[in-house]
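The structure appears below as C-alpha coordinates.
The values are calculated or read from the model by the stated rules, or taken from the named source; none is laboratory data. Computed from a predicted model, the values in this text were never measured in an experiment. Using ideal geometry, Cβ is built from the backbone for each residue, glycine included, and neighbour counts are taken over all protein chains shown. The area values use the complete protein model at the heavy-atom level, side chains included, leaving out ligands, DNA and RNA. Shrake-Rupley method; radii C 1.70, N 1.55, O 1.52, S 1.80 Å.
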Amino acid sequence: QTEVTLGRWSQMRRTYLKEHHKILYYNLLTSGKLYSYLADVEDEAQTLFLRLVKKYAGKEGVTEQLKAENPMKWVRMMNNIRERVNEVVNAEMIFI
(Lines give C-alpha, C1' and ligand atoms only; values in the text may rest on other atoms or scores of the structure.)
Protein backbone atom coordinates (compact mmCIF):
# COMPACT_ATOMS: atom_id res chain seq x y z
CA GLN A 1 0.00 0.00 0.00
CA THR A 2 1.40 3.38 -0.96
CA GLU A 3 1.38 6.15 1.58
CA VAL A 4 -1.21 8.82 1.00
CA THR A 5 -0.93 12.48 1.85
CA LEU A 6 -2.26 13.02 5.34
CA GLY A 7 -3.77 16.17 6.81
CA ARG A 8 -2.47 17.66 10.04
CA TRP A 9 -5.00 15.90 12.26
CA SER A 10 -4.36 12.48 10.75
CA GLN A 11 -0.58 12.98 10.92
CA MET A 12 -0.80 13.77 14.62
CA ARG A 13 -3.11 10.78 15.22
CA ARG A 14 -0.78 8.43 13.33
CA THR A 15 2.23 9.62 15.33
CA TYR A 16 0.31 9.28 18.59
CA LEU A 17 -0.82 5.75 17.72
CA LYS A 18 2.73 4.72 16.73
CA GLU A 19 4.13 5.99 20.02
CA HIS A 20 1.35 5.16 22.50
CA HIS A 21 -0.89 2.49 20.96
CA LYS A 22 1.52 0.33 18.98
CA ILE A 23 -0.74 -2.73 18.81
CA LEU A 24 -3.69 -0.76 17.40
CA TYR A 25 -1.38 1.03 14.97
CA TYR A 26 0.15 -2.19 13.62
CA ASN A 27 -3.22 -3.96 13.50
CA LEU A 28 -4.61 -1.14 11.36
CA LEU A 29 -1.47 -1.06 9.23
CA THR A 30 -1.28 -4.79 8.56
CA SER A 31 -5.01 -5.08 7.89
CA GLY A 32 -4.79 -2.32 5.27
CA LYS A 33 -7.20 -0.12 7.20
CA LEU A 34 -4.79 2.49 8.59
CA TYR A 35 -5.19 5.11 5.88
CA SER A 36 -8.98 4.87 5.68
CA TYR A 37 -9.05 5.15 9.49
CA LEU A 38 -6.79 8.22 9.36
CA ALA A 39 -8.89 9.76 6.59
CA ASP A 40 -11.98 9.35 8.80
CA VAL A 41 -10.13 10.94 11.74
CA GLU A 42 -9.11 13.85 9.50
CA ASP A 43 -12.67 14.42 8.30
CA GLU A 44 -14.20 14.18 11.77
CA ALA A 45 -11.56 16.40 13.37
CA GLN A 46 -11.90 19.04 10.65
CA THR A 47 -15.70 19.01 10.99
CA LEU A 48 -15.46 19.35 14.78
CA PHE A 49 -12.88 22.14 14.45
CA LEU A 50 -15.02 24.19 12.05
CA ARG A 51 -18.19 23.66 14.07
CA LEU A 52 -16.53 24.72 17.32
CA VAL A 53 -14.84 27.77 15.79
CA LYS A 54 -18.21 28.92 14.49
CA LYS A 55 -19.86 28.24 17.86
CA TYR A 56 -17.19 30.03 19.90
CA ALA A 57 -17.10 32.99 17.50
CA GLY A 58 -20.87 33.36 17.77
CA LYS A 59 -20.81 33.22 21.56
CA GLU A 60 -17.96 35.72 21.78
CA GLY A 61 -19.30 38.24 19.26
CA VAL A 62 -16.63 37.68 16.62
CA THR A 63 -18.71 38.80 13.63
CA GLU A 64 -18.25 40.05 10.10
CA GLN A 65 -19.18 43.47 11.44
CA LEU A 66 -16.30 43.32 13.92
CA LYS A 67 -14.02 42.16 11.10
CA ALA A 68 -14.98 45.24 9.06
CA GLU A 69 -14.77 47.70 11.96
CA ASN A 70 -11.69 46.42 13.77
CA PRO A 71 -9.78 43.83 11.69
CA MET A 72 -6.87 43.53 14.13
CA LYS A 73 -9.16 42.76 17.06
CA TRP A 74 -11.04 40.26 14.90
CA VAL A 75 -7.78 38.50 13.97
CA ARG A 76 -6.63 38.38 17.62
CA MET A 77 -9.96 36.96 18.75
CA MET A 78 -10.14 34.40 15.94
CA ASN A 79 -6.56 33.25 16.59
CA ASN A 80 -7.44 32.80 20.26
CA ILE A 81 -10.55 30.82 19.37
CA ARG A 82 -8.65 28.61 16.91
CA GLU A 83 -5.98 27.84 19.52
CA ARG A 84 -8.59 26.86 22.11
CA VAL A 85 -10.49 24.76 19.59
CA ASN A 86 -7.24 23.02 18.56
CA GLU A 87 -6.81 21.98 22.18
CA VAL A 88 -10.35 20.60 22.32
CA VAL A 89 -9.98 18.61 19.09
CA ASN A 90 -6.60 17.27 20.21
CA ALA A 91 -8.02 16.18 23.56
CA GLU A 92 -11.21 14.64 22.16
CA MET A 93 -9.98 13.02 18.95
CA ILE A 94 -6.22 12.90 18.54
CA PHE A 95 -4.49 12.16 21.84
CA ILE A 96 -6.83 9.50 23.16
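Of all residues in segment 1-24, those being aromatic (Phe, Trp, Tyr) and either at pLDDT below 95 or more than 19 Å from the chain's Cα centre (by Cα) (or both) number 0. Taken over segment 23-72, the criterion of being open to solvent by 80 Å² or more (accessible area, probe 1.4 Å), out of contact with any Phe, Trp or Tyr (no Cβ under 7 Å at 6 or more places or on another chain) and more than 19 Å from Asn90 (Cα to Cα) is satisfied by Ile23, Tyr26, Asn27, Thr30, Lys33, Lys59, Glu64, Gln65, Ala68, Glu69, Met72. Cβ-Cβ under 9 Å, sequence separation 6+ or interchain: first residue in segment 74-96 and in contact (Cβ under 8 Å) with a residue 40 or more places away in the chain, partner surrounded by 13 or more Cβ atoms within 10 Å (Cβ to Cβ) and of a type in the set (Lys, Arg). Which pairs? So the pair list comes out as Met93/Arg13; Ile94/Arg13; Phe95/Arg13.
Restricting Val88, Val41 to those that are at pLDDT 95 or above, touching a Lys or Arg at 6+ places or on another chain (Cβ under 6 Å) and assigned to a helix (DSSP H, G or I) reduces the list to Val41. In the set (1) of a type outside the set (Val, Ile, Thr); (2) assigned to a loop (DSSP other than H, G, I, E, B); (3) exposed (fewer than 13 other Cβ atoms within 10 Å of the Cβ), the condition left unmet by Leu6 is number (3). Residues of segment 43-61 that are in contact (Cβ under 8 Å) with a residue 40 or more places away in the chain and small (Gly, Ala, Ser): Ala45 alone. For Leu52, indicate whether it is part of a helix (DSSP H, G or I) and more than 15 Å from the chain's Cα centre (by Cα). Spelling it out, it is not the case that Leu52 is part of a helix (DSSP H, G or I) and more than 15 Å from the chain's Cα centre (by Cα).
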